[in-house]
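Shown next, in C-alpha cells, is the structure this report addresses.
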Amino acid sequence: MAIQRMDNVLIVVDDLDAVIAFFVELGMELEGKGSLEGGFAERVIALNDVRQDVAMLRTPDGHGRVELAKFHTPKAITPEPKDPPANTLGIRRIMFAVDDIEDVIARLRTHGAELVGEVARFEDIYRLCYVRGPEGIIVGLAEQLG
C-alpha cells in the first residue's frame with residue numbers, strides 16, 4: 001500500500017500573524033485559523049497541557065498545505081543556533097514553484113525576508129534561490145525557464 005498524498009507540513013512559530021502574512025504574500029490562501037487544546041492534541045503529539053493557535057494555508061492549486069502552530073502551553077523551544085546553516089540535520093526548507101522569482105522576492109522583502117545566498121541558474125531548467133522569512137523560516141523558490 002502506498003501513501004495517498006502529502007497532506008501538510010507543520011511549522012511551529014511564535015508570531016502567527018506575521019508568518020501567515022508572509023505565506024499569503026507568497027501566494028498561499030488561508031483556509032482557516034483557530035485554537036486547539038486538550039485531549040486530542042495531547043494524545044497525538046504526546047505533550048501535556050497543550051494550548052495552541054493553528055492556521056492552515058493551501059497552495060493555489062489546492063494540493064499543498066502548510067500548517068502553522070503557535071504554542072501557548074507548553075512554551076515552544078527555540079532551536080540552536082537561531083539561523084542554522086543549510087547542512088544542519090532536519091527539515092531545512094519548503095520549495096515552491098513560482099512564475100516570477102524576482103517579483104516574489106521583492107514582495108517577500110516587504111515582510112522582512114532576505115536571500116540566503118543568491119538567485120542561481122540550474123542549467124537551462126530553473127532559476128532557484130532560498131529566502132529566509134520571519135522566524136528564520138526558509139522557503140525555496142523555483143522559476144522554470146523556457
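Readers should treat all values here as calculations from the given coordinates under stated rules, not as data from a laboratory. All of these numbers come straight from a predicted model, not from anything done at the bench. A quick note on method: Cβ atoms are made from the backbone with ideal geometry, for glycine too, and the neighbour counts reach across all protein chains shown.
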Fill in: Segment Val44-Ile94, length gained on full extension (0.36 nm per residue, minus Cα span)
15.6 nm
Worksheet item: What are the semi-axes of the equivalent ellipsoid of the range 94-144, taken as the square roots of 5 times the eigenvalues of the Cα gyration tensor, listed largest first and rounded to whole Å?
Response: 18, 11, 9
Response to the item:
In terms of the charge dipole of the chain, which places +1 on Lys and Arg and -1 on Asp and Glu at the beta carbon, the residue among Ile3, Ala18, Gly136 farthest towards the positive end is Ile3
Worksheet item: How many angstrom lie between the C-alpha centres of the range 97-140 and the range 1-40?
Response: 20 Å
Fill in: Charged-residue dipole, Cβ positions (Lys, Arg, Asp, Glu), the chain about Cα centre, Debye nearest 20
380 debye
Worksheet item: Under the rule of -39500 (n - 2.57) per DSSP H run of 4 or more residues, summed and divided by the residues of the chain, what mean residue ellipticity at 222 nm is obtained, to the nearest 500 deg cm²/dmol?
Response: -5000 deg cm²/dmol
Worksheet entry | Taking the range 46-113 and dividing mean pair separation by its residue count, relative contact order in percent (alpha carbons under 8 Å, at least six apart) | 23 percent
Fill in: Local electrostatic count at Leu141 - Lys and Arg +1, Asp and Glu -1, tallied over other residues with Cβ under 15 Å
-1
Worksheet, complete the sentence: So the angle from the long Cα axis of helix 16-26 to the longest Cα principal axis of the chain, reported in degrees to the nearest 10, equals 30 degrees
Worksheet entry | Translational diffusion of the chain, µm² s⁻¹ [Kirkwood Rh, Cα pairs; Stokes-Einstein; 25 °C; 0.890 mPa s] | 148 µm²/s
Response to the item:
From fewest to most C-beta neighbours within 10 Å, the residues Leu26, Leu47 line up as Leu47, Leu26
Discussion item. At R0 = 30 Å, how high is the FRET efficiency between Ile11 and Glu123 if r is their beta carbon distance? Nearest 0.05 is fine.
Written reply: 0.45
Discussion item. Let's test this: bin the Cα-Cα distances of the range 9-73 at 10 Å from zero up to the farthest pair and state each bin's percent.
Written reply: 22, 50, 24, 4
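So what is the relative contact order of the chain, in percent, for Cα pairs below 8 Å that sit 6 or more residues apart?
22 percent
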Response to the item:
So Thr59 and Glu31, fully extended at 0.36 nm per residue minus their Cα-Cα distance, gain in nm 9.1 nm
Practice prompt. Give me the net charge of Asp83's neighbourhood, meaning all other residues with Cβ under 15 Å from the Cβ of Asp83; Lys, Arg count +1, Asp, Glu -1.
Written response: 0
Worksheet item: Tell me, His111, His63, His72 in order of fewest to most beta-carbon neighbours within 10 Å?
Response: His63, His72, His111
